[in-house]
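Take a look at the structure set out below.
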Amino acid sequence: MPLQSINPATDTILSTYQEMSSSEVADIVRVTHAAHLQWRGTSMDQRAGILRGAAHLLRSRSDEWAQLMAAEMGKPVRDGVAEARKCADCCDYFAEQGAAMLARESVPTDDQHDSFVVYEPLGVVLAVMPWNFPFWQAFRALAPAIMAGNAIVLKHASNVCGCAIALERILRDAGAPEHLFRTLLIGSSRVDAVIEHPLVRGVTLTGSSDAGRAVASKAGQVLKKCVLELGGSDAYLVLEDADLDMAATICAKARLVNGGQSCIAGKRFLVVDPVREEFEKRFVAKMAAVRQGDPLDQATEIGPMARRDLRDQLQRQVTASVDRGARCLLGGSIPAGPGAFYPPTVLTDVRPGMPAYDEEVFGPVAAIIPVRDEAAAIEVANDSMFGLGGGVVTRDLARGQRVAAALECGCMFVNEPVRSDPRLPFGGVKQSGYGRELSAFGIKEFVNVKSVVVN
Ligand code: NDP
């Protein structure tokens, strides 16, 4: 089956790519492994040099990368530029910190022994990546892995093959050995065979829970290390002492990040009864004020969704939620015209049994869930199969920290929207996955933590 890039703003087919054959894929894994064997012998300075080179290309050509993302998955160009720059910052961060993170650690045991821990690369790591941040998700996986001495084969989402090819070129133009980072143009049904390849030593996936389950079970069958960064349904608690204007701004920003197509977008807004009506008014105004349109226009804040099928699935979730008693305060229907556009939408009175409560809602649709008080808000926040991120808006910072401690998730933000940062570990609990990306925790996911004792 050929892979296709379709512009989601216009529905036009941009490019068609032939899938690689099984023998081509096996050859790529072999040469990538050979590149790894050389790469593992390089110094940390040499590795840092390549990442700094990539950072330079990401920054100096950020407009070009932004155009590519806009064309393939509808990201507004100003967000694409920011994404390319964030990738550059991530490369610089691991270039600067990687050596210290992976330095040999002395662990005294007996007097007469010299004992220490070293961090050695595993080899070829398969990265299965999604379309929503087509540059960032890949760099978040590859920068630490490459700094640790691993090599990467990337199976990117089928709708962003142009980005996948660009990523390979960036690494090569930055001076990386020819096969250190290779893109596999294959559909998802071919991933199992790559995981099975004896020279593939680990797999990292960002995507849906279904994709995570499939990859984890194959990795389990062949006993390979696996890191999963899956969906989320981040809850934001708006407490009665919140600055409501600030709360509305934070919640709208959190919901509409990347047009709502982010694992760490705010999806459920748990608002305590005394402030609910006022919050709804201000939140709807903020959501309505966002400028939606052509992703190539510098003024556009949200573009179309990445694919029509994803937009249609979102509409089904909204319709089913309204049918079961949710009230739609804004948006809620597919506009006429071409493209996969969906308007900012606000549902309220959302309750268990509705898709907006129970499922991940991956688009610009906010679910307001009424709660009595802080204790009820915490209970509802944790009443989710997901556990990625969360937020709380309150004037009382000690209270914010107490709430942060009570939520079952991988990160909590008090009075600001959740975001990823190369310096902080990133990942979730429950069905949001396992393992961590970024920071000193992320770089150690794909290393052999080796104990050495010398007598
Ligand atoms: P998927 O999870 O299906 O795709 C993500 C990546 O996984 C792609 O590279 C995809 O390849 C691959 N993949 C999919 N199924 C399998 C499988 N069985 N085995 C191995 N690899 C697989 O996301 P979709 O694009 O279909 O989006 C569906 C939903 O997933 C969204 O609505 C959202 O809820 C969630 N999602 C979450 C993301 C996150 O950041 N956590 C990112 C993207 C989606 P291919 O493209 O070839 O199918």
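Which whole-number percentage describes the relative contact order of the chain, with Cα contacts under 8 Å and a sequence gap of 6 or more?
Relative contact order for the chain comes out at 19 percent.
Enter the Cα centre distance for the pair the stretch 213-232 and the stretch 329-406, rounded to the nearest angstrom.
27
Could you pull out the pairs from 75/281; 286/430; 86/218 whose alpha carbons sit more than 30 Å apart here?
As for pairs spanning more than 30 Å Cα to Cα, those are 286/430; 86/218.
Suppose the chain between residue 246 and residue 383 were pulled fully straight at 0.36 nm per residue; how much longer would it get relative to their current alpha carbon spacing?
Gain in length upon complete extension: 46.8 nm.
Working out 0.36 nm times the residue gap between residue 449 and residue 273, then minus their Cα-Cα distance, what length gain in nm do you get to one decimal?
Here the answer is 58.3 nm.
Return the whole-Å distance between the Cα centroid of the stretch 79-115 and the Cα centroid of the stretch 415-455.
11
Which value, in Å², gives the accessible area per residue of the stretch 1-49 when a 1.4 Å probe is used on the protein heavy atoms?
56
Treat every Asp and Glu Cβ in the stretch 230-351 as -1 and every Lys and Arg Cβ as +1, leave all other atoms uncharged, and give the resulting dipole magnitude about the Cα centre to the nearest 20 debye.
440
Mind giving me the FRET efficiency for residue 115 and residue 408? R0 is 35 Å, r the Cβ-Cβ distance, nearest 0.05 is fine.
Numbers: r = 37 Å, r/R0 = 1.07.
Efficiency at R0 = 35 Å is approximately 0.40.
At a probe size of 1.4 Å, how large is the accessible area of residue 169, to the nearest 10 Å²?
Here the accessible area works out near 130 Å².
Pull up the DSSP beta bridges for the chain and report the antiparallel fraction as a percent, rounded to 5.
Given both bridge residues lie in the chain, the antiparallel proportion sits at roughly 35 percent.
So for the pair residue 210, residue 297, with labels modelled 7 Å out along Cα→Cβ, what separation do we get in nm?
Going from the residue 210 label point to the residue 297 one covers 3.4 nm.
If 206, 109 are ordered by their accessible area, calculated over protein heavy atoms with a 1.4 Å probe, which sequence runs from highest to lowest?
109, 206
Quick one: with all protein chains in place, what share of the accessible area of the chain is carbon or sulfur, to the nearest percent (1.4 Å probe)?
52
Starting from 0.36 nm per residue, how many nanometres of slack lie between residue 285 and residue 441 once their C-alpha separation is accounted for? Write down the numbers at each step before the final one.
Working: separation 156, 0.36 × 156 = 56.16 nm, distance 3.99 nm.
Contour length minus the Cα-Cα distance gives 52.2 nm.
Taking each pair of different alpha-carbon atoms in the chain once, compute 1/r for the pair, average those values, and report the inverse of that mean as the Kirkwood hydrodynamic radius in Å to one decimal.
Details: mean 1/r = 0.0439 Å⁻¹.
Result for the chain stands at 22.8 Å.
On alpha-carbon atoms, Rg over Rh for the stretch 67-172 using Kirkwood Rh?
Numbers: Rg = 17.8 Å, Rh = 15.5 Å.
Computed over Cα atoms, the ratio is 1.14.
Where in the stretch 301-329 does the label zone of residue 11 land, with the point 7 angstrom along Cα→C-beta and an amide N cut-off under 18 Å?
Within reach of a label on residue 11: 304-316.
Under the rule of at least 5 residues apart or a separate chain, name every residue whose amide H is placed under 5 Å from the amide H of residue 14.
Long-range HN contacts for residue 14: 5, 6, 7.
The values are calculated or read from the model by the stated rules, or taken from the named source; none is laboratory data. All of these numbers come straight from a predicted model, not from anything done at the bench. Don't worry about glycine lacking a Cβ; one is built from the backbone with ideal geometry, like all the others, and counts go over all protein chains shown. Each accessible area value is taken on the protein alone, full model and side chains, heavy atoms only, with ligands, DNA and RNA left out. Shrake-Rupley method; radii C 1.70, N 1.55, O 1.52, S 1.80 Å.
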